[in-house]
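Below: the structure, in structure tokens.
The values are calculated or read from the model by the stated rules, or taken from the named source; none is laboratory data. None of these values were measured; they are calculated from a predicted model. With ideal geometry, Cβ positions are generated from the backbone for all residues, glycine too; neighbour counts draw on all protein chains shown.
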């Protein structure tokens, strides 16, 4: 019996993948474990391997296609095996003459499933944010809120999302303006083309869409509160120069990662995640470092930071960031983050706030180092010092303001006294 090759779901936020390049053609022999197709996920490129030895019997999606996760994209079987009646789209029922297939199981919590059933929602269209791609009750509530704003069927909304169409702009023909799938399809033909007014059109898909959707969800569901302090970087700069003279290269970000880990050890509420009605404190401190790439924002994760030295963090960070920019990260290297640092200092930014990377409880925004006049109490004069602004964005559901203030000033103290980190 032919074996399905499906679009895998890698991580909590992945809802679709883009087929970049088929490495084998229909009819060619494949070996188990052999790279079969290159796929772009919401984080990076990866090669999907053949699950068994045989022949690539059928390919359902060509290069460039954007495919929902757990969708069948191809079949592998034995030479001459017939699969003409096999459907590309998983179905719950099939004709007796159609080859039987197992429908991919959707992970959903009992409370979320109960709420979805009570509201008559097809939870296959709900974006999951729970652990291991599980749909949680909050995901169902968010979907219900969005449905309440615009009267539409779940199928129509799914088609609109797949086509990149704003459902609010579609004219519904149903009762009270309810939007059906046919309304969405009709609107595609009616969208005016304005090529003469645009230099180019860039599809809002792939990493940019997935990151955008995820952060939009975070911004409007998690109550963000912000805490800003200025850090005197005089001693950090001196420490870096000393280490450089000894042959050890370190970045400011390396020091910030280490200082954050030390502070997270003291204040575990910021090394936590809120999932449904429970706050989980993580045993490990896994710090993601946001990296801008041509594909969008990627956050490789330095894991077990609490057990690593500055030099270990530095070597690991350099490798992760370089491979992130060239789309060579392994799947496990951008999963499992518990806290994130977004450093825009190299871009010349004086100050900014960052959106929390769900399901984490906080994120630290780091700006550039610049000379500023600082009042020196000893000389009672203003002195120019290298200062850096850091801003903590915290989820107020998990942390209170006083603890957040203590946490961010603890990071400040570690950075101003770098010898305490070494």
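Key figures for this structure:
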quantity	calculated
Those residues of segment 31-81 which are touching a helix residue (DSSP H, G or I) at 6+ places or on another chain (Cβ under 9 Å) and assigned to a strand (DSSP E or B), in sequence order	40, 46, 66, 68
Scan of segment 322-351 for residues that are farther than 21 Å from residue 233 by Cβ, assigned to a helix (DSSP H, G or I) and in contact (Cβ under 8 Å) with a residue 12 or more places away in the chain, ordered by number	323, 324, 325, 331, 333, 334
Residue count for segment 64-101, restricted to those that are modelled with pLDDT under 80, under 34 Å from the mean Cα position of the chain (by Cα) and closer than 20 Å to residue 53 by Cα	2
Qualifying residue in segment 37-48 (condition: over 25 Å from residue 322 (Cα atoms) and buried (at least 19 other Cβ atoms within 10 Å of the Cβ))	no
Selection from segment 357-391 of residues that are surrounded by fewer than 20 Cβ atoms within 10 Å (Cβ to Cβ) and in contact (Cβ under 8 Å) with a residue 40 or more places away in the chain	369, 372, 374, 385, 386, 387, 391
For residue 248: the one exception among (1) surrounded by fewer than 16 Cβ atoms within 10 Å (Cβ to Cβ); (2) touching a residue at least 40 places away in the same chain (Cβ under 8 Å); (3) not in a loop (DSSP other than H, G, I, E, B)	(3)
Residues satisfying the stated conditions in segment 224-242, i.e. buried (at least 17 other Cβ atoms within 10 Å of the Cβ) and not in a strand (DSSP E or B)	233, 236, 239, 240
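To keep it simple, each residue is scored yes or no on (1) closer than 23 Å to residue 269 by Cα; (2) under 22 Å from the mean Cα position of the chain (by Cα).
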site: 290; (1), (2): yes, yes
site: 301; (1), (2): yes, yes
site: 322; (1), (2): no, yes
site: 326; (1), (2): no, yes
site: 342; (1), (2): yes, yes
site: 361; (1), (2): yes, yes
site: 364; (1), (2): yes, yes
site: 376; (1), (2): no, no
site: 385; (1), (2): no, no
